[in-house]
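**Student:** If you scroll down you'll find the structure; I have some questions about it.
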Amino acid sequence: MIDDALAQRSAELGALLAARGRRIATAESCTGGLVAAAITATAGSSGWFDAGFVCYSNAMKVALLGVREDVLSVHGAVSEATARAMAEGALARSGADLAVAVTGIAGPGGAVPGKPVGTVCFAWARRGAASESTTRRFTGDRTEVRHLAVLAALDGAIGRLRG
């Protein structure tokens, strides 16, 4: 699953983290650990990867990441509010300086009104800075949506380290 594009971004992310003496954590739902897998596919990642949380169920988002139940009930699991809470929870529960979170609907089922298959919410949390989030809509089958989500998560982390 780690293709050339993912390997390139992982290496770039790792180089940026290493140069800045930073570590990253992941909080994933629809990608099921693929962001962490992409990052740790790069040799030397133990120098910049701190922790990965795969929380598919809402109960685990609450228990492991501290996502408040009212955030889930008001905004839903697939929302920027939940993604931000996931990223902030991963940051709080790790030794990382940057956390990325991904939650979405990879398909083929799971669509709800206003949130079609391919809807993916991302968030990035950094120590000492406000969390940032965005929502993207990807086309393709489950594998393609998840792959595109991993690329977007890595690109977002790279952008925040550069910016």
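FYI, it's all coordinate maths here, none of it is from the lab. Model, not experiment: these values are computed from the prediction. Here Cβ is always computed from backbone atoms with ideal geometry, including for glycine, and neighbour counts include all displayed protein chains.
**Student:** Considering only DSSP beta bridges where both residues belong to the chain, give the percentage that are antiparallel (nearest 5).
**Tutor:** 60 percent
**Student:** Give me the distance between the Cα centres of the range 77-147 and the range 1-51, rounded to whole Å.
**Tutor:** 16 Å
**Student:** What label, among [x] 25, 22, 12; [y] 23, 18, 12; [z] 22, 20, 16, belongs to semi-axes √(5λ) of the Cα gyration tensor in Å computed from the structure on display?
**Tutor:** [y]
**Student:** Non-local amide H neighbours of THR31 (under 5 Å, H modeled in plane, Pro and chain starts lacking H): which ones?
**Tutor:** Excluding prolines and chain starts, which carry no amide H, there are no hits.
**Student:** Can you show me the helix-derived [θ] at 222 nm for the chain, built from DSSP H runs with n ≥ 4 at -39,500 (n - 2.57) apiece and divided by the number of residues, rounded to the nearest 500.
**Tutor:** So the calculated ellipticity at 222 nm is -14000 deg cm²/dmol.
**Student:** How long is the gain from SER57 to VAL74 if the chain were fully straight, where each residue apart is worth 0.36 nm and the alpha carbon distance is subtracted?
**Tutor:** Once the chain is fully extended between SER57 and VAL74, it gains 4.5 nm.
**Student:** To the nearest 20 Debye, how big is the dipole of the range 1-158 about its Cα centre, given +1 on the beta carbon of each Lys and Arg and -1 on that of each Asp and Glu?
**Tutor:** It comes to approximately 240 debye.
**Student:** Once you place label points 7 Å from the Cα toward the Cβ at ALA7 and ARG136, how far apart are they in nm?
**Tutor:** 2.1 nm
**Student:** Distance in nm between label sites at ALA43 and ALA92, each 7 Å beyond Cα in the beta-carbon direction?
**Tutor:** Calculated label separation equals 3.9 nm.
**Student:** Charges on Cβ only, +1 for Lys and Arg, -1 for Asp and Glu, centred on the Cα centroid of the range 1-67; of ILE39, ALA11, GLY66, which one is farthest towards the dipole's positive end?
**Tutor:** Highest projection toward the positive end goes to GLY66.
**Student:** When Lys and Arg each count +1 and Asp and Glu each count -1, what net charge do the other residues less than 12 Å away from VAL117, Cβ to Cβ, add up to?
**Tutor:** +2
**Student:** Moving to a separate point now. Can you give the angle from 0 to 90° between the axis of helix 80-92 and the longest principal axis of the chain, with both taken from C-alpha atoms, to the nearest 10?
**Tutor:** With rounding to tens, the tilt is 40 degrees.
**Student:** If you fit an axis through the alpha-carbon atoms of helix 4-20 and take the longest principal axis of the Cα set of the chain, what angle between them do you get, 0 to 90°, nearest 10?
**Tutor:** 60 degrees
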